[in-house]
Amino acid sequence: MTTDPALTRIADALDRLSPPPAPAPSFTEAEAYVWHTAPDRLEPVRRVSRVPLDQLVGIDRARDTLLANTLQFARGHAANNALLWGARGMGKSSLVKAAHAEAVARGLPLVLVEIARDDLDSVGRLLAILGDSDRRFLLFADDLSFSSDDAQYKSLKAVLDGGLSGRPPNVVLYATSNRRHLMPRDMIDNERATAIHPGEAVEEKVSLSDRFGLWLGFHPCGQDEYLAMIQGYCAAYGLDVAPEVLRAEAIEWQATRGSRSGRVAWQFFTDLAGRRGLAL
């Protein structure tokens with residue numbers, strides 16, 4: 001039977017609009033992957049941008065707690081989902097990636113998978129793929145937050161704690177956010193002021209963060225911590241600068257930025273290294 005050329009063209013166009021999902025990888029190509037949709041696929045990351053764990057200064061308690069949780073999970077033991085929240089630029093994302101790298105360096109088969117906030121409605125399909133593997137996965141959602149008209153958080157809430165299938169036992173979720181409850185304060189206050197049952201409305205919005213078993217707070221650093229971060233970078237890269245010169249330049253740099261954080265410390269060190277002919 002001869003196929004109508006017009007029908008063939010229509011079928012090809014539909015395939016382009018909605019291509020089939022890519023086959024699941026073997027998870028041996030790389031240590032980390034990024035989840036994409038349309039079509040669904042896991043793209044390997046050959047080189048992860050990250051800072052060594054021992055260079056994360058000033059967040060010792062959070063570092064030790066998250067690393068212990070990560071190693072427990074990588075070894076097949078019980079572990080909690082983790083929410084890293086607080087001041088921007090204080091190393092939340094860097095700590096997640098560094099903890100993963102430390103687990104891999106210790107010979108543990110842990111795979112890092114990053115999912116974008118805008119793709120959270122597809123997280124159920126991703127977990128179905130990961131759950132079929134014999135590997136262990138650290139699912140990473142960076143810079144997570146939700147607005148008043150955003151229903152994406154409901155997909156994540158069911159995965160964290162609820163639903164028939166829930167989270168596969170070989171997957172743990174780490175998320176970072178500038179907000180402890182993942183919702184802006186004005187949104188929570190508006191729910192409290194306008195809802196018929198204010199308490200129930202607020203609980204619906206903040207219950208997502210309650211489903212993370214491990215909360216780690218990151219707070220703005222003081223001047224001593226800021227300087228210690230820079231000194232740690234200098235030691236790690238072998239950059240010898242007179243202490244009084246380093247202190248004066250570092251303080252001037254943070255004054256022009258109007259803030260102190262791990263990110264500002266790294267930006268200063270990058271400038272310092274460049275001026276002294278050091279490649280990072």
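What the table below lists for this structure:
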quantity: Residue 116-residue 256 FRET efficiency (beta carbon distance; Förster radius 35 Å; 0.05 resolution); calculated: 0.60
quantity: Efficiency of FRET from Cβ geometry, residue 45 and residue 143, R₀ 25 Å, rounded to 0.05; calculated: 0.90
quantity: Residue-span extension gain [residue 280 to residue 237] - 0.36 nm each, minus C-alpha spacing; calculated: 14.7 nm
quantity: Residue 29 accessible area, assembled protein chains, probe 1.4 Å, Å²; calculated: 80
quantity: Full-extension gain in nm, residue 38 to residue 223, via 0.36 nm per residue minus C-alpha separation; calculated: 62.0 nm
quantity: Dipole magnitude of the range 46-140, debye to nearest 20 (Cβ charges: Lys/Arg +1, Asp/Glu -1, about Cα centre); calculated: 220
quantity: Rough spin-label spacing in nm, given labels placed 7 Å along Cα→Cβ, for residue 244 and residue 108; calculated: 4.7
quantity: Furthest towards positive pole of dipole, 267, 235, 253, structure part the range 223-276, Cβ charges; calculated: 267
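The values are calculated or read from the model by the stated rules, or taken from the named source; none is laboratory data. From a predicted model like this one, the values you see are computed outputs, not experimental measurements. Counting neighbours? That spans all protein chains shown, and the Cβs are built from the backbone with ideal geometry, glycine included. Remember, those area values only see protein heavy atoms, side chains included, never the ligands or the DNA or RNA. Shrake-Rupley method; radii C 1.70, N 1.55, O 1.52, S 1.80 Å.
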